[in-house]
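Readers should treat all values here as calculations from the given coordinates under stated rules, not as data from a laboratory. This structure is a prediction, so every number in the text was calculated from the model and none was measured. We place every Cβ from the backbone using ideal geometry, glycine too, and count neighbours over all the protein chains shown.
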Amino acid sequence: MSSTAPEAPLPDKEVDLGTWYDEVLKRAELIDVRYGVKGFVVYRPNAMRIVKRIYEMFEGELESGGHLPMLLPLVIPMANFRRETEHVKGFEDQVFYITEAGEKPLDEKLVVRPTSETAIYPMLSLWIHSYSDLPLRLYQSVAVYRHETKATRPLLRGREFLWIETHDAFADEVGAKSQIMDDLQVAKKVYDELGLAFLVVEREPYDKFPGAESSYAYDALLPNGNVLQIATTHYLGDHFTKAFDVTFVDRDGNRRNPRSTCFGIGISRTLAALIMTHGDKYGLVLPFGLSVHDVVIVPIPHKGIVEDVMAKARQLEDKLRAAGFNVYLDDSEDTPGDKFYHWDMLGVPARIEIGRREVEGKFVTLYRRDERTREKVKDEDLQDRLHALSKEILNNIRDRAWERLRNSISDAASRDDIERLAGEGRIIRANFCGRDECAQEIKEKTGYEVRGRRVDVEEKPDGNCAWCGRPASRVVYMAKAY
């Protein structure tokens with residue numbers, strides 16, 4: 001560890017989330033924005049350690065559900081990109097093109113992957129022939145590229161971002177729609193393990209993924225009241241399989257188009273949600289398994305007992321590592337205060353402090369990052385306490401996130417309610433007519449978007465549309481979104 005003198009306190013994220021976020025990205029050495037190309041950032045090792053773990057969590061869940069890894073090329077032939085008209089219309093203003101190699105024009109313009117439907121389906125037409133080839137579940141962990149025209153912000157909205165995308169094909173609609181439910185469960189399980197709170201919504205028909213019949217999304221709540229879409233899954237029907245001539249022979253000998261789905265998991269955005277949701281004025285707050293280390297040992301040597309302090313610290317490091325803990329002994333020359341500041345900033349969940357009292361009393365002082373509290377733990381009880389603490393910290397930060405989400409939702413019965421609650425930065429639950437025109441007017445007047453109806457709970461309208469007064473067809477949630 002290099003010397004890290006304490007800087008000025010971080011701003012209050014409840015008051016100025018943007019400045020707090022930028023400062024944490026810099027001070028925790030997560031993201032460097034000085035690359036020199038707008039919308040492209042550098043992920044530093046402290047960020048990539050977390051990213052790698054998030055990838056592992058999702059990939060493990062996908063593979064346990066039958067998905068197989070693959071890797072498609074970065075570039076897509078323009079002819080393929082144009083074959084599904086609704087899809088190309090949805091992305092044509094965002095794509096990067098490759099038109100030259102050196103100074104020589106290419107024979108065909110290439111699209112840099114904004115998503116991979118138009119890359120995978122020409123291959124599926126070669127791989128799928130019979131019902132015995134289905135279901136087919138594939139995924140890849142890659143970066144995608146979109147020329148965002150809105151203001152970019154690291155991890156939240158960029159022109160290059162990390163994600164996982166699945167591409168699945170099934171013999172019928174039942175199998176495909178069952179996969180959608182499985183996708184939602186995969187996301188729920190991992191986001192629960194990250195301690196994130198979220199709304200699971202079906203997007204409105206006019207707000208679907210281009211080329212989809214229905215779209216479902218996970219919206220995470222950020223501390224400023226905005227929501228961030230961190231994962232989406234889509235039922236594509238036979239739109240893409242028809243467009244790309246993907247067919248199979250069923251058990252009765254008939255040739256048919258498979259039904260398909262896709263699932264996009266925003267790794268960059270999940271990292272942003274993790275940072276913003278749990279962090280505090282001292283930096284990151286992370287559960288076990290996400291930080292650079294789960295446990296850091298900080299010796300506090302005193303004259304005449306230095307060797308005893310270090311001996312106990314090394315002995316504990318060896319025992320904890322043998323027990324499977326990701327532990328690090330900070331024996332640098334920095335002061336204990338500088339070490340505390342540094343490891344707090346990086347969100348290390350647990351810290352063991354060892355000084356004269358701890359050596360003589362055969363205990364350690366155990367510090368937990370989420371609550372910033374200390375307790376005495378007997379040497380022989382330390383491993384059991386750390387195992388318990390790993391669960392306590394995750395449960396604590398998860399409970400705090402869900403409490404914030406529940407407390408952020410308010411009901412609106414009228415246009416005045418919507419405008420007032422939007423001004424207060426609330427998430428709004430309201431009866432809605434389902435019309436695109438109504439949603440557009442809400443956005444123009446308030447900056448809020450109709451995010452969709454909940455799919456994890458059943459909610460029925462009990463009156464007219466809160467905005468326009470027409471008959472309501474559903475209960476929806478409205479929020480300001482990145």
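Observations on the structure shown:
- With a Förster radius of 45 Å applied to the beta-carbon distance between Asp245 and Arg44, the computed FRET efficiency rounds to 0.50.
- Lys/Arg +1, Asp/Glu -1 at C-beta; the chain dipole; positive extreme among Leu320, Leu421, Tyr448: Leu421
- Fully extended contour minus Cα-Cα distance, from Leu74 to Glu419, at 0.36 nm per residue: 119.8 nm
- Packing rank of 298-307, 39-48, where each peptide gets the mean count of other beta carbons within 10 Å, highest leading: 39-48, 298-307
- Under 5 Å between amide hydrogens, built in the peptide plane, is the criterion, and for Ser214 it picks out Tyr235 among residues at least 5 positions away or on other chains.
- In a DSSP loop and with at most 14 other Cβ atoms within 10 Å, the trypsin sites (Lys or Arg not before Pro) in region 30-65 are Arg34, Lys38.
- At 1.306 mPa s and 10 °C, Stokes diffusion of region 408-482 via Kirkwood alpha-carbon radius, µm² per second: 134 µm²/s
- Estimated vicinal HN-Hα couplings, Hz - region 333-341 in sequence order (Karplus 6.51, -1.76, 1.60; Gly, Pro = x): 8, 5, 5, x, x, 5, 5, 4, 4
- Inter-label distance for Arg470 and Asp207, nm, one decimal - labels placed 7 Å from Cα along Cα-to-Cβ: 1.7 nm
- Placing a pseudo-label 7 Å from each Cα along the Cα-to-Cβ vector at Glu100 and Lys445 gives an inter-label distance of 5.1 nm.
- Read-out Kirkwood radius over Cα pairs in Å, derived from the coordinates shown; its label in [x] 24.9; [y] 22.7; [z] 21.8: [x]
- Here the calculated FRET efficiency for Glu371 and Glu307, from their Cβ-Cβ distance with R0 = 35 Å, stands at 0.60, rounded to the nearest 0.05.
- Across every pair of non-identical alpha carbons in region 159-315, the mean reciprocal distance, once inverted, gives a Kirkwood radius of 19.0 Å.
- By the helix-only formula, in which each DSSP H run with n ≥ 4 contributes -39500 (n - 2.57) and the sum is divided by residues, the chain has a 222 nm mean residue ellipticity of -11000 deg cm²/dmol.
- Efficiency of FRET between Arg356 and Lys391 - r from beta-carbon atoms, R0 30 angstrom, step 0.05: 0.40
- Karplus-based coupling profile of region 87-103, in residue order and whole Hz: 5, 5, 5, x, 10, 4, 7, 10, 7, 8, 10, 10, 10, 9, 10, x, 9, with θ = phi - 60° in 6.51 cos²θ - 1.76 cosθ + 1.60 and x standing for Gly or Pro.
- Loop-located GluC sites (Glu not before Pro) in region 49-157 (DSSP state other than H, G, I, E, B) with a sparse environment of at most 12 neighbouring Cβ atoms within 10 Å: Glu103.
- Backbone N within region 316-342 under 19 Å of label point (7 Å from Glu29 Cα along the Cβ vector): 327-342
- Placed amide H near Ile354: partners under 5 Å, 5+ positions off or other chain: Val298, Ile300
- Distance-filtered residues of region 468-482 - backbone nitrogen under 20 Å, label point 7 angstrom along Val455 Cα→Cβ: 473-479, 481-482
- Take every pair of alpha-carbon atoms less than 8 Å apart whose residues are at least six positions apart; their mean separation over the length of the chain yields a relative contact order of 14 percent.
- Scalar couplings 3J(HN,Hα) for region 195-208, obtained by applying the Karplus form with A = 6.51, B = -1.76, C = 1.60 to θ = phi - 60°, are x, 8, 9, 7, 9, 9, 10, 8, 5, 5, x, 7, 10, 6 Hz; x denotes Gly and Pro.
- Amide H within-cut-off set for Ser473, under 5 Å, with H built and near neighbours excluded: Phe432, Cys433, Gly434
- On full extension, the segment bounded by Asp16 and Arg53 gains 10.4 nm, given 0.36 nm per residue less the C-alpha separation.
- Within region 381-482, antiparallel bridges make up roughly 70 percent of the DSSP beta bridges whose residues both belong there.
- Normalised by the number of residues in region 218-296, the mean separation of alpha-carbon contacts (under 8 Å, six or more apart) gives a relative contact order of 28 percent.
- Prolate/oblate/rounded call for region 265-322, Cα gyration tensor, a/c under 1.5 rounded: oblate
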